[in-house]
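Here, each number is a calculation from the coordinates, and none is a lab measurement. This structure is a prediction, so every number in the text was calculated from the model and none was measured. Note that each Cβ is placed from the backbone with ideal geometry, even for glycine, and that neighbours are counted across all protein chains shown.
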Amino acid sequence: MSKQNIVSSIGLDGFIGKHKLWNKEQKKAAENLIQRLKTEDITYVRVTYCDQHGLTRGKMLPLKQFISVLENGLAATHALFAMDSANNIFLPVFSDDGGFGNAEMGGAGDMIMVPDPATFRVLPWADKTGWVLSDLYLKSGAAMPFSPRAILASQLQKLHAKGYELLIGLEVEFHVFKIDDPQLTMQASTQPPEPPSVSPLAHAYQYQGEQNLDEVAPILELFHQSLQALDLPIRSLEDEWGPAQCEITMEPLPAMQAADAMVLMRSTLKQVARRQGYLVTFMCKPALPNVYSSGWHLHQSLVDIKTGENIFATSKKDEFVSLIGQQYIAGLIEHARACTAFSNPTINGYKRMNSNALAPNRAVWSVDNKAACLRLANAGDPSVHIENRSGEPAANPYLFFASQLAAGMDGISKKRDPGPPLNDPYAQTDKTPLPASLMEAITALDESKLLRDAIGDTYIGYYLGLKRHEIHRFLSTVTDWEHKEYFERF
């Protein structure tokens, strides 16, 4: 399209303006984006959103059509929220409420994707292609009640009203494999499809060995170039413990920016790798020989919105962390079992929890001991913060952060005491165990008054149904272990 045809300002008569869906910062970002698109060599824009599984979905539009989306949003079926992790439909989407209990969501109709212009990026690996993340609304202008991004936004709004901001540091492990056979046949196009045959990039179990690092450096360098072009604050790229295992860490970001960064980072690595003949997976423990489980360590602290002061820092020489920080930790401990349904949302994620793969197994805290679920890092320092070491890299960041924040703030409001930090977390067998399975985790979630109050009964009920469907499919499948164990012998 001709650049002269791009409007110079955002109108107020479309869906977005009519329902006042952008704040002042977003309106300004949209105006700046319009000016940028007049000179930027962009042909297409991917309009995306984060679904219930933490994955991005969306549509690719020619630039001219994207401009109209900045006025009116973009329709997409809300029936996608009735799909489990294999895209099996688990709700009666053609009923009058779609199975969602909401009259506006019947008949597999449409919701509206409203781009957040502040998230716009130009994708370095896709020719002349922009990318933007969206919030989701119903046609009435009401927030789509099952949007994970909206759930986190609601929690953060309450936090900001108290004068605090949640800072998040990302530390994420994942696997990178060379694709030997992509299994792109009609016979392999099942639901879900047959996974590719893969091999590692290098041998393993030489943690942070420079020789191993050099072997995987070419793909890590490519990842870094792409992430840097997207303005993601990468802190380090590392060769991790197991074969084909790597890690990326980021500088601390405000919680919503960190969640958006996690979503964009995962999509970036998977797409960049695939174009080069590699497969990146954030599955916790792939079913491959000698593979090692991956985790997601979530670093969190509260800061004063006005001053930027770390609320967890203390000036007292006999304290590791402030009283508020201790109360926040106590809340995380008290609600750890229920929160695990969001930090470890897949069946596979509990293979790490049960194998003692340097993973926590009880709801305890410690000072700089990585066996604990909650590790106090940089104790006594102005940068003191809490590291939750229990999560898996496939977690939905918006739900993960929202549940952590709700638990921590409950500890503060009730002035809970976490007790003394533990020196040997694995030895404390009298402490509350973390869930050993997804079923155990969602049972704890079902019983959590706190998370029902914070996130809402409607969403918790929906999430429980989603995960119970996933678990039922798993339990109905005959595994290789069962066949080997019983077939010939009995």
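How much length, in nm to one decimal, is gained on full extension between Leu464 and Trp481, taken as 0.36 nm per residue of separation minus their Cα-Cα distance? Walk me through the intermediate numbers first.
Numbers: separation 17, 0.36 × 17 = 6.12 nm, distance 2.73 nm.
Full extension from Leu464 to Trp481 adds 3.4 nm.
Quick one: net charge around Ile333, please, counting Lys, Arg +1 and Asp, Glu -1 for every other residue with C-beta under 15 Å from its C-beta. Walk me through the numbers on the way to the answer.
Working: positive: Arg337, Arg362, Arg375, Arg389, Lys414, Lys415, Arg416, Lys431; negative: Glu334, Glu387, Asp410, Asp417, Asp430.
Cβ neighbours under 15 Å give a net charge of +3.
If r is the Cβ-Cβ distance from Thr429 to His19 and R0 is 41 Å, what FRET efficiency results, to the nearest 0.05?
Numbers: r = 54 Å, r/R0 = 1.32.
Efficiency computed from Cβ-Cβ geometry: 0.15.
What is the spin-label model distance, in nm, from Ser383 to Lys317 if the labels are put 7 Å beyond Cα along the C-beta direction?
For the pair Ser383/Lys317, the computed spacing is 2.4 nm.
Can you find, among Pro286, Ala336, Thr432, the residue farthest towards the positive end of the dipole of the chain? Put +1 on the C-beta of Lys and Arg, -1 on that of Asp and Glu.
Going by the Cα projections, it comes out as Ala336.
Between Gln228 and Asp110, what FRET efficiency comes out of the Förster formula 1/(1 + (r/R0)^6) with R0 = 35 Å and r the beta carbon distance, rounded to 0.05?
On the way: r = 36 Å, r/R0 = 1.04.
E between Asp110 and Gln228, to the nearest 0.05, is 0.45.
Assuming 0.36 nm per residue, please report the length gained on full extension of the stretch Ser197 to Asn87 beyond their Cα-Cα distance. Please report the intermediate quantities before stating the final value.
On the way: separation 110, 0.36 × 110 = 39.60 nm, distance 2.21 nm.
Between Ser197 and Asn87, full extension yields an extra 37.4 nm.
What net charge is computed for the residues neighbouring Gly277, neighbours being all others with C-beta under 12 Å from the C-beta of Gly277, Lys and Arg scored +1, Asp and Glu -1?
Numbers: positive: Lys178, Arg274, Arg275; negative: Asp180, Asp181.
Local net charge: +1.
So for the pair Ala103, Lys370, with labels modelled 7 Å out along Cα→Cβ, what separation do we get in nm?
5.6 nm
Suppose R0 equals 56 Å; then what is the FRET efficiency for His160 and Asp181 from their Cβ-Cβ distance, rounded to the nearest 0.05? Before the final figure, lay out the partial values.
Numbers: r = 50 Å, r/R0 = 0.89.
Result of the calculation: an efficiency of 0.65.
Quick one: if you stick a label point 7 Å off each Cα along the C-beta vector at Thr307 and Arg489, how many nm between them?
In this crude spin-label approximation the distance works out to 6.5 nm.
What is the distance in Å between the Cα centres of the range 250-264 and the range 36-80?
Cα centroid of the range 250-264 versus Cα centroid of the range 36-80: 20 Å apart.
Answer with a single label: of (1) 22.8; (2) 26.2; (3) 23.9, which was calculated as Kirkwood radius over Cα pairs in Å from the structure in view?
Recomputing Kirkwood radius over Cα pairs in Å here picks out (3).
Return the loop-located chymotrypsin sites (Phe, Trp or Tyr not before Pro) in the range 130-214 (DSSP other than H, G, I, E, B) with at most 13 other Cβ atoms within 10 Å of their own Cβ; answer none if there are none.
On the way: sites: Trp131, Tyr137, Phe146, Tyr164, Phe174, Phe177, Tyr205, Tyr207; in loops: Phe146, Tyr205, Tyr207.
Filter output for the range 130-214: Tyr205, Tyr207.
At a Cα cut-off below 15 Å, give the aspartates and glutamates reachable from Lys316, other chains included and same-chain residues fewer than 8 away excluded.
The qualifying aspartates and glutamates are Asp381.
Give me the percent of DSSP beta bridges within the chain that run antiparallel, rounded to the nearest 5. Don't skip to the end; give the middle numbers.
Details: 58 of 66 bridges.
About 90 percent, rounded to the nearest 5.
Contact order normalised by length for the chain, with contacts defined as Cα pairs under 8 Å and 6 or more residues apart; what percent is it? Walk me through the numbers on the way to the answer.
On the way: 952 pairs, mean separation 65.1, N = 490.
Normalised by residue count, the contact order of the chain is 13 percent.
For the range 129-194 and the range 207-227, what is the separation of their C-alpha centers, rounded to whole Å?
Answer, in whole Å: 26.
For every helix of n ≥ 4 consecutive DSSP H residues, a contribution of -39,500 (n - 2.57) applies; sum these over the chain, divide by its total residues, and give [θ] at 222 nm rounded to the nearest 500 deg cm²/dmol.
Details: 14 runs with 169 residues, N = 490.
Estimated from H runs of four or more residues: -10500 deg cm²/dmol.
Based on Cβ point charges of +1 for Lys and Arg and -1 for Asp and Glu, what charge dipole magnitude is obtained for the range 3-146 about its Cα centre, in debye rounded to the nearest 20? Each step should come with its number before you reach the end.
Values: 15 positive and 15 negative charges, 129 e Å.
The calculated dipole for the range 3-146 is roughly 620 debye.
With charges set only on the Cβ (+1 for Lys and Arg, -1 for Asp and Glu), what does the dipole of the chain come to about its Cα centre, in debye to the nearest 20? Show your work: numbers first, answer last.
Details: 46 positive and 55 negative charges, 225 e Å.
Around 1080 debye, computed over the chain.
Tell me the net charge near Pro182. Cut-off is 13 Å between Cβ atoms, Pro182 excluded, with +1 for each Lys or Arg and -1 for each Asp or Glu.
Here the charged neighbours net out to 0.
Can you list the residues of the range 21-43 with backbone N under 14 Å from a point 7 Å past the Cα of Ala126, pointing along Cα to Cβ?
42-43
Using a Cα-Cα cut-off of under 26 Å, which lysines could be cross-linked to Lys467, ignoring same-chain neighbours fewer than 8 residues away?
Lys270, Lys285, Lys351, Lys449
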